[in-house]
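Quick note: the coordinates plus some simple rules give every number you see, no bench work behind them. Just so it is clear, the structure is predicted and the values come from calculations on it, not from any experiment. For neighbour counting, all protein chains shown are included, and Cβ atoms are generated from backbone atoms with ideal geometry for every residue, glycine included.
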Amino acid sequence: MRSNDVYKRAFNDCLSHIEQLSVGEEIGAEASLARSLSVSRTTVRSVLETLEERRIIADDGRSRRIVRLPIPNDFFPEAETQSVHALIERRFMDFVLEENILPGQQVNALELSRRFSVSPSAIREYLRDFSECGLIERRPSGSWIFVGFDRDFAQELCDVRQIFELESARRFVNFADDDAVWGQLNAIERAHLWLLEDYDARHVEFPHVDNSLHSLINSASKNRFINRFDNLRCLIFHCHYSWNKVDEKERNFVAIHEHLRYIAALRSRDKRAIEDAAIFHLGTARQTLLASLDRRHSRHGEKVEHTPGLSVC
């Protein structure tokens, strides 16, 4: 087993898979579970052993069947299922939102390592990823400066995002009924509905729910380059949420309903419906990102140059 977080993530994904089944049903063969959970059979065996210990499944010698459905306490906390890189990513996004990081502002790697409870080397590695894109620069003194991005950068980001996310979303057409992705998608849908139940109080949680959906979609590609790009997308749009508070509640309310349409399309496995929902939502995201940049530049007295980008329609 590669690491404890891999095991715990696989365990939670397996619980999500079980939630889609009924008591008495077979959970599936080890090989099938390994494929759907994207882990080794060794990890799957460890997951199955724990499921038996917790009396969620039972092995009668011929097959493993579900004895009871999972309850919330069966799941490992999300923080325990994340790799160090994923943990830094999430906390860095929170940092960007909470501190309202602006271009020209210094980012102290040592302070972040203490704040995130990770090693300074892990922080430096994370920051180096973004320095390659020009978002963060390392000064000769060793300090890091957040450079930010302009309209051209945002247009290019949205162009590439559409290519990658459409390719990833199309993968949902071929996912098997018992794939763990459906349980994850259902959990994300429930998170959206939870936001709507008390939207006035909960709308500030939207950035994390937004990121969970798009990260799940992009992870479907199982492409390391798309996954790496997703980290950049996540940072840019978190900056956007931080900078653009104008009509925030209204924009996020619209986005939630676009997400629910997107989720329904993914679940339908209808390729045309998926493409339509994806293109429509990505078009809205492009417009709001560019609008937030225009407002920020206007506030700082900068000239806003409108460079035509690829159409999203």
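Please arrange 199, 7 by how many other C-beta atoms lie within 10 Å of their C-beta, fewest to most.
199, 7
Could you work out [θ]222 nm for the chain from helices alone, using -39500 (n - 2.57) per DSSP H run of at least four and dividing by all its residues? Round to the nearest 500 deg cm²/dmol.
It comes out at -21000 deg cm²/dmol, rounded to the nearest 500.
Build a GNM of the chain with springs between Cα atoms under 10 Å: which of 112, 213, 166 gets the top mean-square fluctuation?
112
For the Cα atoms of the chain, what angle does the longest principal axis make with the long axis of helix 151-170, in degrees from 0 to 90, nearest 10?
Helix 151-170 sits roughly 20 degrees off the main axis of the chain.
State, as an integer percentage, the relative contact order of the chain based on alpha-carbon contacts under 8 Å between residues 6 or more apart.
Result for the chain is 19 percent.
What shape does the range 4-77 take by its C-alpha gyration tensor, where a ≥ b ≥ c are the square roots of the eigenvalues and a/c under 1.5 counts as rounded, a/b above b/c as prolate, and the rest as oblate?
Judged from the Cα gyration tensor, the range 4-77 comes out oblate (a/c at least 1.5, b/c at or above a/b).
Rounding to the nearest 10 and keeping the result within 0 to 90°, find how far the Cα-based axis of helix 206-219 lies from the longest principal axis of the chain.
Helix 206-219 sits roughly 70 degrees off the main axis of the chain.
Whole-Hz Karplus ³J(HN,Hα) for the range 128-143, in order, using 6.51 cos²θ - 1.76 cosθ + 1.60 and θ = phi - 60°, x for Gly and Pro?
4, 4, 7, 5, 5, 8, x, 7, 10, 10, 9, 7, x, 6, x, 7
Considering only C-alpha atoms, what is the centroid distance from the range 245-281 to the range 128-152, in Å?
Result: 32 Å between the Cα centres.
According to the square roots a ≥ b ≥ c of the eigenvalues of the Cα gyration tensor, what is the shape class of the chain, taking rounded for a/c under 1.5, prolate for a/b larger than b/c otherwise, and oblate for the remainder?
prolate
At 7 Å along the Cα-to-beta-carbon direction for both residue 137 and residue 114, put a label point, then send me their distance in nm to one decimal.
It works out to 2.7 nm between the two label points.
Hey, what angle do you get for helix 180-197 against the long axis of the chain, alpha-carbon based, 0 to 90 degrees rounded to 10?
60
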